[in-house]
Protein chains: 2
Amino acid sequence: MILALDNSKSKKDPWIVMERQYRHAANRFLWELPAGKIDGGEDPLAAAQRELAEETGYKAKKWRRLVEYYASPGFLGESMKVFVAEGLEAGDARPEEDEEIELRLVKMSDVLKMIEKGAIMDGKTLTSVLLYERLRAGRRRK
Amino acid sequence: MILALDNSKSKKDPWIVMERQYRHAANRFLWELPAGKIDGGEDPLAAAQRELAEETGYKAKKWRRLVEYYASPGFLGESMKVFVAEGLEAGDARPEEDEEIELRLVKMSDVLKMIEKGAIMDGKTLTSVLLYERLRAGRRRK
């Protein structure tokens, strides 16, 4: 999954590529970061690059790993691999037929406000944004 | 699930009740916050109080909700309900027979360092600790 940052307008408060879609399992609309399944044998970074392009149309020049974690370690063996993507170039999204995804660029400061209000209910988005922000603030402290 | 804080020694840097256990699905040992399944029809807060007592022996005087989120909204309908528990009283744990859990109190500042190094790989622990810390820092800024 991908924390895709457009920092062309502001380095301090970059825009984040967010998706909003109806999740049948949760029975509600959720704001989420782009994510998808890794195809069998696919490299996790290649999968993240493919998913970002398919779901959002964006390509990114710079990729780095943010974190790997287990969403439900009691019974899910597959880990979530989160990448940060920067240097975005827009293109055409090619979502799968069953995916109805609304795309939006949201300022990091606004995503953090949504998180503080409880308006983000997707675990991978909470983990990735909060961790990114903590590591960034830590670098600023130094 | 429960972020159980012992702030009797330090309000600024409370100790957190952590568990370490082998997770077969993930095929490794993980540090996690206490958590468990809600029994059918059980109130989420009652379930959190029961789980904390069963797994760790602790009871807490003060309970409040921190966040509710979906760990894997693509296919898991059940949400995670996270509570903060304070005013801890130690007691005897009664783990289930198949649970081999090592308990440890870890300082919040040390948990945050573990997170920054990538040593915490459990999603619920990442989300809860990072969110708690962000909300607390926000209150300090005001």
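The values are calculated or read from the model by the stated rules, or taken from the named source; none is laboratory data. None of these values were measured; they are calculated from a predicted model. Cβ placement follows ideal geometry from the backbone for every residue including glycine, while neighbour counts extend to all protein chains displayed. The accessibility values were calculated without ligands, DNA or RNA, using every heavy atom of the protein model including side chains. Shrake-Rupley method; radii C 1.70, N 1.55, O 1.52, S 1.80 Å.
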Quiz item: Regarding A:Arg141, is this residue over 13 Å from A:Ile16 (Cα atoms), of a type in the set (D, E, K, R) and modelled with pLDDT of 95 or more?
Solution: no
Quiz item: Is it the case that A:Met114 is within 8 Å of chain B (Cβ to nearest Cβ) and in contact (Cβ under 8 Å) with a residue 40 or more places away in the chain?
Solution: no
Quiz item: Can you list the helices (runs of 4 or more DSSP H) found entirely within segment A:38-142 that contain at least 2 residues being in contact with a helix residue (DSSP H, G or I) (Cβ under 7 Å, 6 or more places away or on another chain), open to solvent by 40 Å² or more (accessible area, probe 1.4 Å) and not polar (S, T, N, Q)?
Solution: A:123-141
Quiz item: Given the structure, is A:Leu5 among the aliphatic types (A, V, I, L, M), touching an Asp or Glu at 6+ places or on another chain (Cβ under 6 Å), closer than 17 Å to A:Lys124 by Cβ and assigned to a strand (DSSP E or B)?
Solution: yes
Quiz prompt | Subset of segment A:10-19 that is in a loop (DSSP other than H, G, I, E, B) and either of a type outside the set (D, E, K, R) or more than 13 Å from A:Glu86 (Cβ to Cβ) (or both) - its residue that is least open to solvent (accessible area, probe 1.4 Å) | solution = A:Pro14
Exercise. Go through A:Ser10, A:Ser79 for me and flag whichever is within 14 Å of chain B (Cβ to nearest Cβ) and polar (S, T, N, Q).
Key: A:Ser79
Exercise. Considering only segment A:92-112, state which residues are more than 17 Å from A:Leu3 (Cα to Cα) and not acidic (Asp, Glu).
Key: A:Arg94, A:Pro95
